[in-house]
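J.: Okay, here's the structure, questions in a sec.
The values are calculated or read from the model by the stated rules, or taken from the named source; none is laboratory data. From a predicted model like this one, the values you see are computed outputs, not experimental measurements. We place every Cβ from the backbone using ideal geometry, glycine too, and count neighbours over all the protein chains shown.
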Amino acid sequence: MSFILVEKPRPHVTLITLNRPERMNAMAFDVMVPLRKTLEAVRDDNDCRVVILTGAGEGFCSGADLENAGIPPNIAGLTLTTIAQRSMELLDDVIVTISKLHQPVIAAVNGAAVGGGFCLAMAADIRVAAPTAYFRAAGINNGLTASELGISYLLPRAIGSSRAFDIMLTGRDVLADEADRIGLVSHIAADGALLEDCYGIAERMIGFSRIGSELTKRMLWSSLDAGSLRSHMDHEGTAQLYVRLTTQNFQEAITARKEKRAPVFRD
């Protein structure tokens with residue numbers, strides 16, 4: 001049985017499904033290792049313009065597998081301390097790889113996004129929730145820290161520090177309605193329409209220039225680390241001039257608008 005399913009449900013769209021529904025798609029190594037490899041392969045798939053990440057069954061991802069996490073690869077001869085470090089690096093790589101994909105990534109959060117699953121959702125560029133979705137920073141509930149896999153960096157930047165502190169220090173569930181209200185997700189899809197909603201978002205993005213989409217994603221992630229407004233504006237200006245001066249995209253947009261048709265961006 002494959003724990004990662006890869007489909008092409010629409011032109012230029014890749015759907016990646018965590019496929020371990022009996023364990024709520026928990027982050028065992030037999031799920032995360034193939035997920036990392038899949039993401040790396042999708043990154044190099046030039047036909048793919050948008051990636052959608054979801055979970056099979058009733059959950060998105062329940063975080064660490066508390067019963068059987070499996071064995072991380074390539075650990076022969078290592079001590080427990082080093083194995084633990086390598087294990088965290090593997091999981092960290094999944095989060096970083098999602099953020100660094102050329103393609104925009106939509107998390108279709110179909111149910112529980114708990115612990116590491118919450119982090120996985122936060123690594124995506126856009127999050128769309130089913131009405132049954134909920135989020136929980138579960139580490140604090142298990143006697144650990146709620147801070148893992150970049151969430152203490154990403155969450156405050158997404159929803160503000162006070163709300164992030166509240167969610168992470170209390171370990172409470174954030175249901176879909178609250179997630180929508182505080183900006184944790186872009187919106188809640190109608191019941192049963194989560195993937196169709198995500199396909200609609202993907203189709204709109206695919207209509208734009210590939211380089212425009214890729215650089216916009218890169219600039220948005222870069223802004224999280226910007227030292228100042230001025231320095232980030234310099235990066236934005238360079239990106240804008242690069243596309244403006246090395247493609248015919250802008251001219252095509254103007255011509256298409258005059259001709260009352262959809263533009264065809266060839267970069």
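J.: In this structure, does ARG204 turn out to be modelled with pLDDT of 95 or more, out of contact with any helix residue (DSSP H, G or I) (no Cβ under 6 Å at 6 or more places or on another chain) and either among the basic types (Lys, Arg) or under 18 Å from LEU101 (Cβ atoms) (or both)?
T.: It is true that ARG204 is modelled with pLDDT of 95 or more, out of contact with any helix residue (DSSP H, G or I) (no Cβ under 6 Å at 6 or more places or on another chain) and either among the basic types (Lys, Arg) or under 18 Å from LEU101 (Cβ atoms) (or both).
J.: Six or more apart or on different chains, Cβ under 8 Å: which pairs go from a residue in the stretch 7-20 that's buried (at least 17 other Cβ atoms within 10 Å of the Cβ) to one that's modelled with pLDDT of 95 or more and of a type in the set (Lys, Arg)? Could you list them?
T.: Short answer, once both residue conditions are applied: HIS12/ARG49; VAL13/ARG49; THR14/LYS8; LEU15/LYS8.
J.: Could you please let me know if ILE106 is of a type in the set (A, V, I, L, M, F, W, C) and surrounded by fewer than 22 Cβ atoms within 10 Å (Cβ to Cβ)?
T.: So ILE106 does not fit the description; no.
J.: Could you run through the stretch 142-177 and say how many residues are surrounded by 16 or more Cβ atoms within 10 Å (Cβ to Cβ), under 19 Å from ASN110 (Cα atoms) and free of Cβ contacts under 8 Å to residues at least 40 places away in the same chain?
T.: 1
J.: Looking only at the stretch 216-231, how many residues end up being of a type in the set (A, V, I, L, M), over 15 Å from the mean Cα position of the chain (by Cα) and assigned to a helix (DSSP H, G or I)?
T.: Qualifying residue count, the stretch 216-231: 2.
J.: Right, next: Looking at ASP191, ASP234, which is the one that is assigned to a loop (DSSP other than H, G, I, E, B), surrounded by fewer than 14 Cβ atoms within 10 Å (Cβ to Cβ) and either outside the structural domain of ALA84 (by TED's automatic domain parsing) or not aliphatic (A, V, I, L, M) (or both)?
T.: ASP191
J.: Mind checking which residues of the stretch 202-217 are over 11 Å from PRO104 (Cβ atoms) and without any contact (Cβ under 8 Å) to a residue 40 or more places away in the chain?
T.: Answer for the stretch 202-217, where residues must be over 11 Å from PRO104 (Cβ atoms) and without any contact (Cβ under 8 Å) to a residue 40 or more places away in the chain: just LEU215.
J.: Can you spot a residue in the stretch 48-56 that is closer than 23 Å to ILE201 by Cβ, small (Gly, Ala, Ser) and part of a loop (DSSP other than H, G, I, E, B)?
T.: yes
J.: Conditions: (1) in contact with a strand residue (DSSP E or B) (Cβ under 7 Å, 6 or more places away or on another chain); (2) outside any helix (DSSP H, G or I). MET205 meets all but one. Number of the miss?
T.: Of the numbered conditions (1) in contact with a strand residue (DSSP E or B) (Cβ under 7 Å, 6 or more places away or on another chain); (2) outside any helix (DSSP H, G or I), the odd one out for MET205 is (2).
J.: Please specify each residue of the stretch 178-189 satisfying the condition of being touching a residue at least 12 places away in the same chain (Cβ under 8 Å) and out of contact with any Phe, Trp or Tyr (no Cβ under 7 Å at 6 or more places or on another chain).
T.: The answer is ASP180, ILE182, GLY183, VAL185, SER186, HIS187, ILE188, ALA189.
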